[in-house]
Amino acid sequence: MKFFFLTAEKFWISFPKILQWAFVGVLLGFGFIFPIFWWTVIPGIILFFHTSQGTSRIRNAWLGGWIAWSTKSLFALGFLFDTLPLEWLGVNNWWLEHVVVLFGWLWGGVSLGVGGALLAAVLFYIRKYYTPKPLWLVLICTIGWLPAEWLSSVMYSLMTSGPGSFIQGYFSFGYVGYLFGLTQLGLILASFWGVYGLTLLLASLCSLLWYIGSRKQYLLLVLFVTAFVSFPFLSKLTRSGISGSVQGITIDAINTTYQPFFLDSKDGQQFKFTIVNRAVESSLKLNPDYLLLPEDSRFLNSVYPAISFNQSLAKFKFLHGTSKTMIIDSSRTVLPNGNVVARAELFSGQYGAPTYTYDKQYLVPGGEFIPYVFRILMKITGFSQSIVNQTAIGNYEPGPLLQQGNIDPDVPGVLFCFESIRPDGVRSLMKKRTPPKFIVHPISHAWFHQSKILWQQQDVMLSIQARWQGVSIVSAGNMMQGKLYLPSGQIDNGEVIENGEGWNITRFEF
């Protein structure tokens, strides 16, 4: 055993430093593409700590850390290539659209690599100039990883800033805690501070394992890693015995399949509105408690067009006055000052029933607003400025209507599509208002083409948030299938009870 590790260490040292750091990044990020290999993050973190201590100059430390974390992030952002071809932008140039996507992918990865550079530089500096005791160094490694990932998120928001954006640390793609959350053990422990807690636990375990390895206790190191990797697959969560579940709720999720470029033609718009209307009418006949549509379905103002929202709602109530089903719709709304917001509308057909409207706060860079750097790129590469004004992208801003205050618990909280990547998105929502009985998550993946990489990351994000807050989350989507994320961490795919051309109705009972 000792001979094997010594040989491996000599082999590792013989590698050029840049390849060492790149390999560390591969280990850290591989699980985001292939979840079955989530465990490669463990040697990845250990080697990150080890390599940070073995550099000879601080310049090499921060450059190496940046390479490692950029590589990790590029794996996590691999779903961006599923946007190809860019039909929704009307781009017919193969080279041009690949350059645009490649730039966005690299720009995101470089931005998210900053935290690794800072962490590696700090670890090098502390070890070189303060020479703390080994266990103190383990503690520093443990508490340093999570702030570094958060700083990477802040840097990403800076690098993708534009009209409608603000500086925050919400962009969590690439957080190593999500890899831990792919396991049953991780989901159990997610009740402690969500992905933040999982990241801390994983960093603490790996820093301890790194310490054990540095003490040449190789057998103990192997036993620890083997036990940790094996245990999550041996434990199973049960649906019973988990607090926070809600009984007696029936919700229909409508899932659709249409591309965003449909909005650029009258025929495309008519097709979208037709399938949405057919799905809604079919669901209302089944009398669910709630009916959730994908993000930006625009059901009410397209099927019942009028000058104002209230007039459209009056038309709907006239035809569905006996329906008690609460519909959760969302649409592009132009405010009197000309600003455009993504607005959720919760209403029913009953006369006198209250209506609730909330605006999306966290917008998609490159989709709902165009970052400044991307605007420059479009001019350089020859994109027409009219792309910025397309109905499929751009122009959105955070709206004035917030989910806060004393709201009936029967009114679900609304977690808009992109807001699920904010690690404390559900927690923040539940703290600002009366805690709802459940959360709805309207989604639109119209820019993607069946992106399994995105879906699997979204699943673990929502499972962790449901587990952390002890609340069920129901999703419905365009170009993806809605699901129910239970407080146990389990995912319920529901039952498809009706379907038609371009739509289906999935029922969830919980």
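The values are calculated or read from the model by the stated rules, or taken from the named source; none is laboratory data. A quick note: this is a predicted structure, and the numbers were derived from the prediction, not measured. Using ideal geometry, Cβ is built from the backbone for each residue, glycine included, and neighbour counts are taken over all protein chains shown.
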Next item on the list: Taking LYS431 as the residue in question, decide whether it is assigned by TED's automatic domain parsing to the domain that holds THR357, of a type outside the set (A, V, I, L, M) and more than 25 Å from LEU198 (Cβ to Cβ).
Entry: no
Note to self: Just checking, does region 40-58 include any residue being assigned to a loop (DSSP other than H, G, I, E, B), modelled with pLDDT of 95 or more and of a type outside the set (Asp, Glu)?
What the structure shows: no
Item checked: Yes/no for GLY169 being assigned to a loop (DSSP other than H, G, I, E, B) and either crowded, with 24+ Cβ neighbours inside 10 Å or free of Cβ contacts under 8 Å to residues at least 12 places away in the same chain (or both) -> no
Notebook entry, point to check: Which pairs do you get when a residue that is within 13 Å of LEU123 (Cα to Cα), found in region 42-55, comes within reach of a residue that is basic (Lys, Arg), reach meaning Cβ atoms under 7 angstrom, with the pair 6+ apart or on two chains?
Noted result: GLN53/ARG127
Next item on the list: Please tell me if PHE37 is under 25 Å from the mean Cα position of the chain (by Cα), in a helix (DSSP H, G or I) and either in the same structural domain as PHE448 (by TED's automatic domain parsing) or free of Cβ contacts under 8 Å to residues at least 12 places away in the same chain (or both).
Entry: yes
Check: Of the numbered conditions (1) small (Gly, Ala, Ser); (2) assigned to a helix (DSSP H, G or I); (3) modelled with pLDDT of 90 or more, GLY321 satisfies every one except a single condition; which is it?
Finding: (2)
Check: Restricting attention to region 426-461, which residues are of a type in the set (D, E, K, R) and part of a helix (DSSP H, G or I)?
Finding: ARG427, LYS431, LYS432, LYS452, ASP459
Notebook entry, point to check: Does PHE508 satisfy being in contact (Cβ under 8 Å) with a residue 12 or more places away in the chain, under 18 Å from LEU293 (Cβ atoms) and in contact with a strand residue (DSSP E or B) (Cβ under 7 Å, 6 or more places away or on another chain)?
Noted result: yes
Margin query: The conditions are (1) farther than 18 Å from GLY367 by Cα; (2) surrounded by fewer than 24 Cβ atoms within 10 Å (Cβ to Cβ); (3) without any contact (Cβ under 8 Å) to a residue 40 or more places away in the chain, and ILE439 fails exactly one of them. Which is it?
Written below: (2)
